[in-house]
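Please see the structure below; I have some questions.
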Amino acid sequence: MQKIKAVILCGGQGTRIKDVSEVLPKPMLSIGSRPILWHIMKIYAHYGVKDFILCLGYKGWLIKEFFLNYYAKVSDITVKPGEKDSVIYHNINNESDWSIALVETGENAQTGARIWNAKKYLQDCDFFSITYGDGVADIDIGTLIKTHKKSGLLGTITAVHPSGRFGEMEISDNIVSEFNEKPNVSAGFVNGGFMMFNKKTIDMYFRPGEDLVLESEVLSKMVRDRQLGVYKHDGFWQCVDTSREHGVLNAMWDENRAPWKVWK
């Protein structure tokens, strides 16, 4: 059976949302009572992808602390001082079969450099998915994986339709024909994260160096070689770049109308 890992970029400083929190790295901002990172991982896990690589950077120790103390943070507990097994966890969630590598990929590393710096954790997989630690969607990961495998291409990028400020793509016959990292006006499809890659793309398109940017170098080279396919997602997608967007997702969660909650 082919093995797939999910790589989540968690190292950025989130400078545009520091009005919400200057204490936490952006992936740890809460939606409801859980970090947005947890929500992203639950989406993947729902479709059977439960092997994670978290690429840490800015305040990465806070992400480590969350997972090191995971059950204490998310469960009710009973403490019996003096007994050998002094802590009893109640209402435990369904994450016991997750595997999470928390990898220090550099305080100042760019997105592509973080993937390169975590490459040793990708040696035992056949495919890997990359996404950002600040965006959720009601995306069907299973169909994304099937689309990527069927394409025969080395990479597949999820295309979504929001406005403004993201890397815009031109698409021809389900292959990306142009990728603009930061267009002035965005009217078409944009990079929504949730990307799929064959393992061999690491040595073909990535390189050492903190300045390696996934979007402007790696993806652009794959476009040049006509090796970047597309999975069009017409459903819900939202990243958290501003306090308003953070508030919108929290309101959806609190009102029990969060489209990205595909798990039970």
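The values are calculated or read from the model by the stated rules, or taken from the named source; none is laboratory data. Note that the coordinates shown come from a computational prediction; the quantities given were computed from them, not determined experimentally. Because the Cβ atoms are built from the backbone with ideal geometry, glycine has one as well, and the counts that use them run over all protein chains shown. Keep in mind that these areas ignore ligands, DNA and RNA; they rest on the heavy atoms of the full protein, side chains included. Shrake-Rupley method; radii C 1.70, N 1.55, O 1.52, S 1.80 Å.
On the full set of protein chains, 1.4 Å probe, figure out the accessible area of ASP234 and give it in Å² to the nearest 10.
120
Then there's this: Give the accessible surface of the range 1-139 per residue, rounded to a whole number of Å², with probe radius 1.4 Å and ligands, DNA and RNA excluded. Write down the numbers at each step before the final one.
Details: 6420 Å² over 139 residues.
Normalised by residue count, the accessible surface of the range 1-139 is 46 Å².
Continuing with this model, one more query. Note down the nm distance, to one decimal, between modelled labels 7 Å out along Cα→Cβ at MET204 and at ASN69.
Here the modelled spin labels are 4.4 nm apart.
Could you grab the relative contact order for the chain? Cα pairs under 8 Å, six or more apart, rounded to a whole percent.
Values: 501 pairs, mean separation 63.8, N = 264.
Worked out over the chain, it gives 24 percent.
Could you compute how much accessible surface PHE52 exposes when probed at 1.4 Å, giving the result in Å² to the nearest 10?
Its accessible surface works out to 0 Å², give or take rounding.
Where only protein heavy atoms count, and the probe is 1.4 Å, what is the accessible area per residue for the range 188-264 in Å²? Show your work: numbers first, answer last.
Numbers: 3530 Å² over 77 residues.
Per-residue accessible area for the range 188-264 comes out at 46 Å².
Which of the listed residues, MET28, VAL176, VAL7, is farthest toward the dipole's positive end in the chain, when Lys, Arg count +1 and Asp, Glu count -1 at the beta-carbon?
VAL7
Along the three principal axes, how long is the range 172-264 when you take its alpha carbons, biggest first, rounded to the nearest angstrom?
Projected onto the principal axes, the Cα atoms of the range 172-264 cover 45, 34, 34 Å.
If you don't mind, another one. Within the accessible area of the chain, what % is carbon and sulfur when the probe is 1.4 Å and the other protein chains stay in place? Walk me through the intermediate numbers first.
Values: 5880 of 12430 Å².
The nonpolar share, carbon plus sulfur, comes to 47 percent.
Here's a follow-up. What are the principal axis extents of the Cα atoms in the chain, in Å, biggest first?
Its Cα atoms span 64, 39, 34 Å along the three principal axes.
Let me ask something additional. Which pairs in the list LYS50/LYS261; LYS199/LYS221; LYS64/LYS149 are over 27 Å apart, alpha-carbon to alpha-carbon?
Working: LYS50/LYS261 16 Å; LYS199/LYS221 16 Å; LYS64/LYS149 33 Å.
As for pairs spanning more than 27 Å Cα to Cα, those are LYS64/LYS149.
Report the accessible area of LEU9, computed with a 1.4 Å probe over the heavy atoms of all protein chains in place, in Å² rounded to the nearest 10.
Spelled out: LEU9, probe radius 1.4 Å, area about 20 Å².
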